[in-house]
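Each remark here refers to the structure printed beneath this line.
The values are calculated or read from the model by the stated rules, or taken from the named source; none is laboratory data. Given the structure is predicted, the values throughout are model-derived calculations rather than measurements. Neighbour counts are summed over all protein chains in view; Cβ atoms, including those assigned to glycine, are modelled from backbone coordinates with ideal geometry. Accessible surface is based on the protein model in full, side chains and every heavy atom, while ligands, DNA and RNA are left aside. Shrake-Rupley method; radii C 1.70, N 1.55, O 1.52, S 1.80 Å.
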Amino acid sequence: MKHTLTLLTALLLTPLAALPAASPQPANKPNVIIILTDDQGYGDIGAHGHPFLKTPNLDRLHAESVRFTDFHVAPMCSPTRAQLMTGVDAMKNGCTMVNAGRSMVRKDIPMLSNYFADAGYATGLFGKWHMGDSYPYRPQDRGFQEVLSFRAWGLPSLASNWENSTLNPKKTFADAYMDPVLEHNGVDIRYPGFSGDIWFTEAMKYMTTCQQKQQPFFVYLANHLAHVPDSVPEKYSKPYGSMGKWKSANGKEFKVHAPYYGQIANIDENMGRLDEFLAKNGLKENTIVVYFSDNGSRSEPATQISNSGMRGHKTELWEGGHRVPCFVRWPQSGIKHGRDVPELTQVQDIAPTLLDLCRINPKNRFPMDGVSLAGLLRQEAWPHAKRKITIQYGVPGKRWVDACILSEKWRLLGGGKTLFNVASDPHQDTDVATQHDGILKELSTYYDEWYQQASAEYRHVRYIPLGHPSVPEVMLYASDWQGDSNDNPGTLALGAGKGKWDVEIESDGEYRVELSRWPFESGKTLIEGTKGSSDSAGARPIAKAQLIIAKDKWAMDTKPEDKSATFTVRLTAGKTKLAAEFLDKDGKMLCNAFYVKVTRLK
């Protein structure tokens, strides 16, 4: 069971996860920091030509880095993160969406954190995970020795601690990122301050500890900014809020999305803090820094002002939805920095690149779709100049649904029927499919062959194990069920979601299964509304609970004062589905339980 502690109490009772003994690797083994921002568009950097956004620290990183200028990710965050960590296409690794049971990576595919930990590195995650919140899909199950994070997509998400929820009367959207309750090595702890600052502060503390132990580190600094909600200290957004609207050279006026720009200003400030820390502590020269964003901008007004001539934003298959900045810096390497690399590259390339640069050759390396960019970094011949890559995400996994093909200057989308030349038409205004039958056929054939393999891999079921000897208690969240999309405060408040979890009962035995309408730590009753017993919004007339596992069914009546419904049942080992239902007094199903806690008793 998770508990919310004060930071002081947690430091007294819960020590930092023990770091491994000093690495047997050579002392000059490079450190690695991956900084992944959330929803920051390609045009949202001063060095990329933004007309008014000030990002001096990112501009300096841009100047000091090798810049991959045709670098692509998925149009939404979880698939990008999974492709980063595995080097494997989303359709093949299983993580193709942000919820609906499609945000978990197959457990048989190792991650970068596994590879680096096995190579003697200290591994730490600071920030957003969003690749599974139940064992064995959590970051601490996937090779990270130190974890400071939160559950699901963001601090106000359905799976996050109730103290962070914007349904909680104590929270508003404006202060959603202030004084958050974060999950530190499996325990929920309140941290004072702005979350965007906390990730960097705690990551730097961790790097200091690693340096003192003379152990190389692999740090994944996955900042949750600039994701919704529009929460940021006023000092960052105020300079942009005072602008109101911005007038372009041709006289058009556009709304200035001040909180969004404020979040990027905070990112920039913290990048300055990080760079100063690395330089001051003698870490900058031999630390590989990789900086990029997980998808295009979330702010449509921002894309209207600056999107480097591209069309589209987050969730879209237009170029602006998946082409993002990517900077790589390693001063000690001898690599020539301060230059652009125009070749077509993708997020799946980062994993093999880092393994190559750090000379890590895992015996359990999973076949990767990405290719190493080490040759491009070293200005060597590039054998993949005519490569083709597929972007496909979403829940259906059907042929040509949410998919596009990229190859050199060509982009095939629209169900495989529309073709664009982004070299001459970066905004993708003119479909040239009828003028290039040969290109259309070549890209379509490539997709068909790719999809035949990818769709087979997509069908791998990712079961959540229950009753594992080392993890007797497992939490199930609605964001990971197969069914309705339920991962945010709005769907939780509505209380109408339905879905089932794919589970694997590890062994025969007696289990306790607890069902709740609200987060367990909220203390709310099953029938309460969002703001309490007197609030009708979100209130559901729950009078019965029903648990269905495989072919077995158990039912019970609930009382108005009940905060959960608890079943003690005998389960048989095997792979199956679990459904936890709430019904009214007449037996009509209202919704599934959004939170289920399963504990192996004996």
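Results, tabulated for the structure shown:
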read-out	value
Fraction of the pair-distance distribution of the chain above 33 Å, Cα-Cα pairs, percent	45 percent
Whole-Å distance, taken between Cα centres, linking segment 146-178 and segment 90-137	21 Å
Two-decimal Rg to Rh for segment 96-159 - Kirkwood Rh, Cα set	0.97
Cβ crowding within 10 Å averaged over residues, with 247-253, 67-73, 56-62, 555-561 ranked highest first	67-73, 56-62, 555-561, 247-253
Largest-first ellipsoid semi-axes for segment 332-399, taking √(5λ) over the Cα gyration tensor eigenvalues, angstrom	25, 17, 10
Extreme residue, positive dipole direction of segment 172-215, given options L182, I198, C210 (C-beta unit charges)	C210
Relative contact order computed over the chain (Cα-Cα under 8 Å; 6+ residues apart), in percent	18 percent
Over the chain: helical MRE at 222 nm, DSSP H runs n ≥ 4 each giving -39500 (n - 2.57), nearest 500	-6500 deg cm²/dmol
Derived scalar couplings ³J(HN,Hα) [segment 378-386; Karplus, 6.51 cos²θ - 1.76 cosθ + 1.60; whole Hz; x for Gly, Pro]	8, 6, 8, 4, 10, x, 10, 4, 9
Radius of gyration and maximum dimension Dmax of segment 288-402, Cα, Å	16.2, 48
Share, in percent, of DSSP beta bridges within the chain that are antiparallel, nearest 5	70 percent
Table column - 3J(HN,Hα) (Hz), segment 342-355, Karplus curve with 6.51, -1.76, 1.60, x for Gly and Pro	x, 5, 5, 9, 8, 4, 4, 7, 5, 4, x, 5, 5, 4
Segment 75-190 - share of DSSP beta bridges that are antiparallel (%, nearest 5)	65 percent
Rounded to the nearest 20 debye, dipole of the chain from Cβ charges on Lys, Arg, Asp, Glu	440 debye
Segment 533-595, relative contact order in percent, only Cα pairs under 8 angstrom and at least six apart counted	37 percent
Over segment 156-305 - Rg/Rh using Cα atoms and the Kirkwood inverse-distance radius	1.02
In Å², nearest 10: area of Y463 left accessible to a 1.4 Å probe	50 Å²
Projected-area mean, segment 454-584, by convex hull of Cα positions, square nanometres	9.1 nm²
Segment 468-527: trypsin sites (Lys or Arg not before Pro) falling in loop per DSSP and having at most 16 other Cβ within 10 Å	K498
Between segment 408-438 and segment 459-507, the Cα center-to-center distance that results, in Å	40 Å
In Å, descending, principal axis extents of the Cα set of segment 537-577	39, 19, 13
Translational diffusion of segment 192-234, µm² s⁻¹ [Kirkwood Rh, Cα pairs; Stokes-Einstein; 20 °C; 1.002 mPa s]	179 µm²/s
Residues whose placed amide H lies under 5 Å from that of D39, excluding near-sequence neighbours	A226, D294, N295
Amide H contacts of Y135 (H built 1.01 Å from N, under 5 Å, at least 5 apart or other chain)	M475
Options L443, L377, S333, ranked by Cα towards positive dipole end of segment 329-447, top entry (Cβ charges)	S333
Segment 384-494 - Debye-derived log10 I(q)/I(0), Cα point model, q = 0.15, 0.23 Å⁻¹	-0.78, -1.23
Principal axis dimensions, segment 370-416 - Cα atoms, whole angstrom, descending	40, 21, 11
Using alpha-carbon coordinates, inclination of helix 437-458 to the longest axis of the chain, degrees	30 degrees
Segment 297-406, dipole about Cα centre (Lys/Arg Cβ +1, Asp/Glu Cβ -1), debye to the nearest 20	240 debye
